[in-house]
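Worksheet for the structure shown next.
Throughout, read-outs are computed from the coordinates displayed, never taken from laboratory work. Being a predicted model, the structure only gives us computed values, none of them experimental. Cβ placement follows ideal geometry from the backbone for every residue including glycine, while neighbour counts extend to all protein chains displayed.
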């Protein structure tokens, strides 16, 4: 009996002792963190191009076909990072860019060659990504807007996802849609003459109204071409162009020095796919017409990337892309970039890229189309040609920042591009990352 | 015309992945792979050149850039 009592007493004390244990507060519990500024990127670039045979002049190899372009581009991107109560990383990125360009061909939208040559493009962007590091997944949405001078405005939306595999691979996909509105600015000589408007100021001469590239109505003396008055900007009809794409990529770590990626895009465009101020001259006529292209296009590019860390200082970045579409263009792109680490925080990256494409079945040079052609363009971007792009970049990323400032990464890159169409261009870019 | 190169490409890609016989790589072995210049996407500084290549050339895509949208008017 005593043994039973002692056993029960022991059990009671044990239970009481068990309840007397205080559960310590879990100080390791995850706490969400609101979005905070993570980094700021400033990207500037300058592009300079010389070319002839511009599409605005119907591929005319003469002086009217000048295709010189300069473009100064500046953009800022602000990245905010935070963690939600479920431990997922939230990244909100907002950007704003502005391009200022001059284009010699733009002047020839007006047949006299005196049209406005300059323009500005503005493009804000917004992206939001949620990444779950424990599961190795991420999801993102983004929006983009762009407005170029008076030529077009474009709205873009996208959604993306990615998932890591158990074998050091990652699959990702992205669905994008771009919804463009192209302002139907025609070459000045193709704007219908307002025959109803006659008699100006008592001179007895007829007047005509034309719409310039800047969307302004001008009143001209029909006989002398003298500008009689410049009106306010007018509303010009627009045509829509929608572009949809599904992009898929699979990246794989192959060994501790090598990783590769397979990239596949499937793109579909519908709507007005030409530009209303691109002229075409037929072989049997001196009068220009506006280029005419099908209203649908399907593109299928497939690319491979392979990066290899050679020794301790050299990286080989290889890329190949095969492209085909239903307009008859097939192309191959090969590039190799070799970043060489002079120090762990300073590298020099020479690169070379070769590109070759076949012509679209709708392309013909200046005055080689005939009126029997259903579709026609003299835009040399759709011709058969090859191009080479060569240059170098430098990257500085010291651990304490450049000169011990918040500037954590400085990149500078220059490239020289030349095509067999006589187009030559140079581009220099500067990217600054502040942390 | 289109199909033949696609077959060749598909075979090449499949062959590359099969022949490489990926090794298991631990986190501590990824210091080289995590280098900023080993990234498998285009870098931000390449944005302008991707932009002009997309408009000056008849093809685009499979490089992280756009496959449509925008004007490229000039």
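Numbers below:
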item: Number of partner chain Cβ atoms within 10 Å, mean per residue of A:84-95; result: 0
item: Average other protein chain Cβ within 10 Å of Cβ, residues A:114-122; result: 1
item: Shielding by partners - mean other protein chain Cβ count within 10 Å, residues of B:23-36; result: 5
item: Residues A:227, A:340, sorted so that the one with the fewest Cβ neighbours within 10 Å comes first; result: A:227, A:340
item: Relative contact order %, the range A:291-435, counting alpha carbon pairs below 8 Å whose residues are six or more apart; result: 17
item: Difference of contour (0.36 nm per residue) and Cα-Cα distance, residue A:175 to residue A:33; result: 48.2 nm
item: Label-zone membership for the range A:389-403, site residue A:342, 7 angstrom Cα→C-beta point, backbone N under 19 Å; result: A:391-403
item: The range A:354-435: relative contact order as a whole-number percent, Cα under 8 Å and 6+ apart; result: 25
item: Where labels lie 7 Å past Cα in the beta-carbon direction, separation of residue A:310 and residue A:392 in nm; result: 1.6
item: For peptides B:39-47, A:261-269, sequence by mean Cβ density within 10 Å, most packed first; result: A:261-269, B:39-47
